[in-house]
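Heads up, the thing below is written out as structure tokens.
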Amino acid sequence: MAQTGPIIIVEDDFDDQEMIQEILEQLNINNKIIFFNKAPEAFHFLKRTPEQPFIILSDVNLPEQDGVEFKRQVDEDPQLRAKSIPFVFFSTSINKKAVDTAYKEMTVQGFFQKASNYDELKSVLKLIMEYWSRCKHPNS
């Protein structure tokens, strides 16, 4: 993968975390993977880390602060907005209102539904990682 920064994953389901970790390893993704169970923890990390994250994958349905509010907080922070970190929603349940909000009110770069089976999930994660490793953006 061309970009070397950490992959930030905001996901509160430990089974999903394990599966995503396993798939990224199978795909030979060498980036450090950092999981957060809650959006405020991820935001705090993003504010203090000197590293340039490769991508943020965030669930929508999270405890304390949902993924949409987390993305809004990232967008409203000048320091984080200047980092131009690709932000992709990756959620089991998707509703039209969340999708509309993400694309019409924020700078989200993708909204994917988590696949119900392993092979499909692997295919989607491979697509996302390949796309962002090849995409030209301010961090490339």
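Provide Arg81, Arg72 in ascending order of the number of other Cβ atoms located within 10 Å of each residue's Cβ, fewest first. Mind dumping the intermediate values first?
Values: Arg81 12, Arg72 16.
Ranked by crowding around the Cβ, least crowded first: Arg81, Arg72.
Evaluated over the chain, the count of Lys pairs having alpha-carbon atoms less than 13 Å apart is 6 (only pairs 8 or more residues apart or interchain).
Label-to-label distance, Phe14 versus Asn117, with points set 7 angstrom from Cα along the beta-carbon direction: 2.8 nm.
Projected label points at Glu51 and Glu76, each 7 Å from Cα along the beta carbon direction, are separated by 2.7 nanometres. Per-residue Cβ neighbour counts within 10 Å put Lys126, Lys96 in the sequence Lys96, Lys126, beginning with the fewest.
Spacing of the modelled spin labels on Arg134 and Leu27, each 7 Å from Cα toward Cβ, amounts to 1.3 nm.
Here, each number is a calculation from the coordinates, and none is a lab measurement. Here the structure is a predicted model, which is why all the values come from computation and not from measurement. No Cβ is skipped: glycine too gets one built from the backbone with ideal geometry, and neighbour counts run over all protein chains shown.
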